[in-house]
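Student: Encoded as structure tokens, here's the structure I'll be asking about.
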Amino acid sequence: MSTETPSVNPGPTPTYSIIVAAYNVAEYIDDCLSSLLVDTVENCEIIVVNDGSTDNTRLVIARYENDPRVRVIDKRNGGVSDARNQGLMAARGRYIMFVDGDDWLEPNLIPAFDAAIQQHPGTDFITFSFYEVYGTERYPHYCRADFWGMTNSPCNKLFHRDLLENIQFDCDIAYEDLAVVPYLFTRATAPLTLDALLYNYRRDRLASAMNSVDPGHLSQLVEAAQRSISKILHGEATGEIAPVAPRLGHDWQERFETIEIFIPGVLHFSRKIPDRRTRRDYIKQMMARLPDRQRIQPDIVQQKYGRKMALGSRLYRMGHSELAHFLLHDTGAIKHRLLHPLSNLPRNRDHPDRSA
């Protein structure tokens, strides 16, 4: 059950509602909130959803409660989707943004939004670029308002509240962003690319989870992608959204499954499994979960990863999983074993190491 902290007179309707989902981020939430509450920003509300944190997250949030722009919702732990949904129900702004409590924003975030909306008043979906943060290093990740060029995260986007009408994030699966964000893009009528790096996405906290391979968890990757496709098809059937094939291509479903299921689920995560037998079993399970192996598009794989990966993908598509595994995994291991002893030999046999 959620209980919203009582607040003073909320005043005029804000232009922006920024929903911060916070769970056990005591070490980071100060950076997050201080980056949002810059002195020049007045036309927004910050809705902080404390998702049942068990560390000092709530104590840190309390430091900001006197700011009239801040509203706090305390709730039992229900996951990031539930936290976002609670924030969405409380939001009053004309535009909605989602932020994870361990990330932070650039100081020109709101001015950049203001300028974009002033120039394009009809926009309902704005995508912007972000930094991927590993420790003290930041790497730019450029995005565009394109079904194939954006990320599935809702955090580097600004949504008109009408676009989110009757929308909730799925709370019962992992990869909840994949299940809804692509659908929201097809629902948008005036998507816009904001050419700016505005969000700092802290990746290093997720390293251990992202590097682990849980077949049960990854099976939800398939479910999330299928839910997204189903929502798009339902929207087409009801006339809620315009036909997507003219925008995305006639083979958009096959392409979507290749990019969102096959590439990460079969090609990418399998490389993180060192044991050969375990890797083969995992790939077998993932291939069995694919909606249809004949829908794999090797040409898409080649564009992203080259000919060898594309050939392996063709073999998987044809049902030759053993050959595909040998090509993509075993040949590299064999090459390493053959070359490793040679790496210890002197580079010039005619001039041996003088220190010997």
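Student: Consider the range 263-279. How many of its residues are closer than 15 Å to L218 by Cα, in a helix (DSSP H, G or I) and in contact (Cβ under 8 Å) with a residue 12 or more places away in the chain?
Tutor: 10
Student: Moving to a separate point now. Could you grab me the full set of residues in the range 99-108 that are modelled with pLDDT of 95 or more and of a type outside the set (F, W, Y)? So that I can check it myself, show each step before the final result.
Tutor: Restricting attention to the range 99-108, the residues satisfying the condition of being modelled with pLDDT of 95 or more are 99-106.
Hits for the range 99-108 are V99, D100, G101, D102, D103, L105, E106.
Student: Would you check which residues across the range 278-326 are aromatic (F, W, Y) and either under 26 Å from R227 (Cα atoms) or over 27 Å from the mean Cα position of the chain (by Cα) (or both) and list them? Reasoning before the result, please.
Tutor: At the first step, the residues of the range 278-326 found to be aromatic (F, W, Y) are 282, 305, 316, 326.
Passing the criteria: Y282, Y316, F326.
Student: When you scan the range 117-176, how many residues do you find that are on the phi < 0 side of the Ramachandran plot and not in a strand (DSSP E or B)?
Tutor: Residues that pass the stated criteria total 38.
Student: Output the number of residues of the range 43-69 satisfying the condition of being more than 18 Å from L109 (Cα to Cα), in a loop (DSSP other than H, G, I, E, B) and open to solvent by 40 Å² or more (accessible area, probe 1.4 Å). Write out each step before concluding.
Tutor: First pass over the range 43-69, keeping only residues more than 18 Å from L109 (Cα to Cα): 49-68.
Checking the rest, the ones that are also in a loop (DSSP other than H, G, I, E, B) come to 52-56, 63-68.
Then drop every residue that is not open to solvent by 40 Å² or more (accessible area, probe 1.4 Å), which leaves 54-56, 63, 65-66, 68.
Selection size over the range 43-69: 7.
Student: Look at the range 9-42 and say how many of its residues are modelled with pLDDT of 90 or more, farther than 16 Å from I96 by Cβ and in a loop (DSSP other than H, G, I, E, B).
Tutor: So the count comes out to 7.
Student: Within the range 196-204, identify whether any single residue is touching a strand residue (DSSP E or B) at 6+ places or on another chain (Cβ under 9 Å), aliphatic (A, V, I, L, M), closer than 10 Å to T127 by Cα and part of a loop (DSSP other than H, G, I, E, B), and answer yes or no.
Tutor: Looking for residues that are touching a strand residue (DSSP E or B) at 6+ places or on another chain (Cβ under 9 Å), aliphatic (A, V, I, L, M), closer than 10 Å to T127 by Cα and part of a loop (DSSP other than H, G, I, E, B), one finds none in the range 196-204, hence no.
Student: Ok, one more. If Q86 meets every condition in (1) in contact with a strand residue (DSSP E or B) (Cβ under 8 Å, 6 or more places away or on another chain); (2) open to solvent by 30 Å² or more (accessible area, probe 1.4 Å); (3) not in a helix (DSSP H, G or I) apart from one, which number is that one?
Tutor: Every condition holds for Q86 apart from (3).
The values are calculated or read from the model by the stated rules, or taken from the named source; none is laboratory data. Keep in mind that this is a model prediction, so the values were computed, not measured. Here the Cβ is made from the backbone with ideal geometry for all residues, glycine too, and neighbour counts use every protein chain on show. Calculation scope for accessible area: heavy atoms of the full protein, side chains included, ligands and nucleic acids excluded. Shrake-Rupley method; radii C 1.70, N 1.55, O 1.52, S 1.80 Å.
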